[in-house]
1. Using amide H atoms built 1.01 Å from N in the peptide plane, name the residues 5+ places from Val180, or on other chains, whose amide H lies under 5 Å from its own.
2. Mind listing the long-range amide H neighbours of Ile281? Cut-off is under 5 Å, sequence gap 5 or more, other chains count too, H placed in the peptide plane at 1.01 Å from N.
3. If I stretch the segment between Glu345 and Ala94 completely, what's the gain in nm (0.36 nm per residue apart, minus their alpha carbon distance), one decimal?
4. Quick one: if you stick a label point 7 Å off each Cα along the C-beta vector at Arg242 and Thr149, how many nm between them?
5. Please list the non-local residues whose amide H lies under 5 Å from the amide H of His51, H modeled 1.01 Å from N, same-chain partners needing a gap of 5 or more.
6. Rounded, prolate or oblate, given the Cα gyration tensor of region 1-113, with a/c below 1.5 counting as rounded?
7. For the chain, with every protein chain kept in place, what is the accessible area per residue (1.4 Å probe, Å²)?
8. Which peptide among 188-199, 65-76 comes first, and what is the full order, when sorted by highest mean count of other Cβ atoms within 10 Å?
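The values are calculated or read from the model by the stated rules, or taken from the named source; none is laboratory data. These numbers come from a predicted model, not from an experiment. All Cβ positions, glycine included, derive from the backbone under ideal geometry; neighbour counts span all protein chains shown. These area figures cover heavy atoms from the full protein model, side chains too; ligands, DNA and RNA do not enter into them. Shrake-Rupley method; radii C 1.70, N 1.55, O 1.52, S 1.80 Å.
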Amino acid sequence: MILVTGGAGFIGANFVLDWLVATGEPVVNLDKLTYAGNLGNLAPIEGDRRHVFVRGDIGDAALVGQLLATHRPRAVVNFAAESHVDRSIHGPAAFVETNVAGTFSLLESVRGYFGTLEGGERERFRFLHVSTDEVYGSLGPRDPAFSETTAYAPNSPYSASKAASDHFVRAWHHTYGLPVLTTNCSNNYGPRQFPEKLIPLMIVNALAGKPLPVYGDGAQVRDWLYVGDHCSAIRAVLERGRVGEVYNVGGDAEMRNLDVVKAICATLAQLRPGRDYASQIAFVRDRPGHDRRYAIDARKIRGELGWTPAETFATGLERTVRWYLDNASWLDSVQSGDYRRWIAEQYAEAAK
Ligand code: NAD
Ligand code: TYD
């Protein structure tokens, strides 16, 4: 079996759901259930005995040690993190706590467990750390895409905390021989993404007749990957990746934010006609330190591991919009008091 952390969040939950279908191998899922974690994300596997959910913190060494000793996983996949750049600007401390100190503590717990393994169990064990392309900083319009050897240059509290965690993971391999793998992926989108991130926020606001808040000039570029393709990449790295290596994951789908928002409006116009969604686009104050462009060079994972994404941006976006249209009750359940407070504060400020 494997231990997944952060498996009630957007990517972690998609990973657990896909994992059980693809492999059938049992999963212990450790998640703190912050505002971003939601057991509703795991509703399709409710009652499935191959999935054990445990509420807890990756930084709780006693709990993590006990889970490792009891379940003896063959791998740990670490998704747990604070993940939203705008929140990291308002409150960076939680990012240091979970992404830096939490990852450190998890590494120490896993190192202790790894020390008890012998023979084949020790040979096979892996610690896979899920990270982001944001650690590489911001590209100019004609710069080559981020490769695994691009120097780290994080610009936001979020990306700095993820960069720090990546460095700890690397060091635990080189110093202690922990068999680690790291993936640095571009922006994900798809079902179950919390509606504070660009794509779900725009879908939700468009349907509610609210403004679609585009930061600055909307010409920032992100390289979008459908979440299911990120999950298949993680499975490939876990199965066939070389220990100690980093794999960049991306779908060659660079898009300007404004074009993403227009594509969402066009998709909604087809699937839920009746309103001129694009007329709701509103330019608001830019994010401080806003990275201009991210782009991933995914040749290593494609060439070495034979991974390819199944979705294009067009097909992935349509699936995503359909999911949000079909899952209004999921949206209601995640739009808690905390969500409403965040949206009110963030966008009142941005409109100034
Ligand atoms: P998310 O915010 O949707 O989910 C994070 C999950 O981690 C939540 O369920 C939350 O409850 C849990 N969590 C937070 N702190 C915890 C702690 N201390 N202990 C245990 N659980 C904790 O994030 P996501 O978008 O699913 O991202 C998952 C991972 O993938 C993160 O590490 C993120 O940096 C990385 N990543 C995300 C993207 C993206 O576009 N979303 C792209 C590349 C990499
Ligand atoms: P986001 O989904 O927060 O991901 P990240 O900052 O990790 O790339 O934002 C994606 C892009 O969309 C980013 O350039 C910021 C921009 N953006 C907006 O223009 N308006 C919004 O309301 C949000 C949430 C993001």
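1. Answer set, sorted by chain and number: Phe127, Gly244.
2. Leu212
3. Working: separation 251, 0.36 × 251 = 90.36 nm, distance 1.80 nm.
Extra length available between Glu345 and Ala94 comes to 88.6 nm.
4. Calculated label separation equals 1.3 nm.
5. Sorted by chain and number, the residues that satisfy this are Val27.
6. Working: a/c = 2.19, a/b = 1.23, b/c = 1.78.
Here region 1-113 falls in the oblate category.
7. On the way: 14510 Å² over 352 residues.
Result: 41 Å² of accessible area for each residue.
8. On the way: 188-199: 22.2, 65-76: 16.8.
Order by mean packing, descending: 188-199, 65-76.
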